[in-house]
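The values are calculated or read from the model by the stated rules, or taken from the named source; none is laboratory data. None of the values given here were measured: they were computed from a predicted structure. All Cβ positions, even for glycine, are placed from backbone atoms using ideal geometry, and neighbour counts span all protein chains on display.
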């Protein structure tokens, strides 16, 4: 499926140019969320197969969340789950129900998004996933070739959750990725017997034009580039399950939280745009939650650049059941949803 970006630990982030004096709009990438059809089934999968633990489990309804999510008459069950230091947010729309992921959705289509779950042992992780009969998205685990200086030696495997969301298991060898993903006893404050599944390294999205996405995520939101790569060859094709796959990959980071990878397919260039009618209650919906200091100021900057909004603007929450007091939901140049939140 989609290509991962592997950045060496020594690769320092470089800033993407913003307006003079403008602070980063985004302070952290907080959670990555997805819509699910059956919450109990999803919680069982993420906890029993991937070792996530439940942080919170709430039901929400009301005009404020209707306006934020762009879904009238909604009632949502929202479960946050943690793996290591990172969290995901699963949302089941009890009403109104949305559509399942359309058949035939491909990894080069611009609605594609995934999260990369770090494993300390790819062989053991693959055996565990096979024992739980997960659906393959890759043909099997792939070791990326040594000719690629940023990605060589990294192992990755793509698979699907019960709803068809693509997930990645990824293993970083010494010298690749964050030092906290190393399980040779050298991690600061970490035991040598690391857990099989350790945390979330990044979420990845397919984009049509890296330069346009960098203007949004870098110039506007203030994320910085952590590394770049071009990946191709038989290992990449089998990882993505796309014949002739050749990708330009750009890894971005905020000051805190998992990374964001931009995946531009240089070949094949037949990816479909995100459906114009994709709604938050559709199971194909993902949303990346990013934290800002001031939602009203963020909305003003987003509107100035004609960013498409899902919400009418900033929405103030009546309570803190979702973990924030104000938020707005927008879409990036390719239609990926972001929820900008303030605590």
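So is residue 254 touching a residue at least 60 places away in the same chain (Cβ under 8 Å) and farther than 30 Å from residue 25 by Cα or not? No. State yes or no: is residue 110 assigned to a loop (DSSP other than H, G, I, E, B) and either touching a strand residue (DSSP E or B) at 6+ places or on another chain (Cβ under 6 Å) or assigned by TED's automatic domain parsing to the domain that holds residue 337 (or both)? In short, yes.
For the residues 130, 97, 80, the requirement of being in contact (Cβ under 8 Å) with a residue 60 or more places away in the chain and not in a strand (DSSP E or B) singles out 97.
Among the residues of region 302-332, those identified as touching a residue at least 60 places away in the same chain (Cβ under 8 Å), farther than 22 Å from residue 57 by Cβ and surrounded by fewer than 17 Cβ atoms within 10 Å (Cβ to Cβ) are 305, 312, 316. If you go through region 36-59 one residue at a time, do you hit one that is buried (at least 22 other Cβ atoms within 10 Å of the Cβ) and in a loop (DSSP other than H, G, I, E, B)? Yes: region 36-59 contains one or more residues that are buried (at least 22 other Cβ atoms within 10 Å of the Cβ) and in a loop (DSSP other than H, G, I, E, B). When residue 327 is tested against the conditions (1) in a loop (DSSP other than H, G, I, E, B); (2) touching a strand residue (DSSP E or B) at 6+ places or on another chain (Cβ under 7 Å); (3) not assigned by TED's automatic domain parsing to the domain that holds residue 164, the lone failure is (1). When we screen 125, 95, 137 for residues that are at pLDDT 95 or above, in the same structural domain as residue 335 (by TED's automatic domain parsing) and touching a strand residue (DSSP E or B) at 6+ places or on another chain (Cβ under 6 Å), the only hit is 95. Evaluated against (1) within 17 Å of the chain's Cα centre (by Cα); (2) more than 15 Å from residue 46 (Cβ to Cβ); (3) outside any loop (DSSP other than H, G, I, E, B), residue 115 falls short on exactly one condition, (2).
Here residue 92 fits the description: in contact with a helix residue (DSSP H, G or I) (Cβ under 9 Å, 6 or more places away or on another chain), part of a strand (DSSP E or B) and either without any contact (Cβ under 8 Å) to a residue 60 or more places away in the chain or surrounded by 21 or more Cβ atoms within 10 Å (Cβ to Cβ) (or both).
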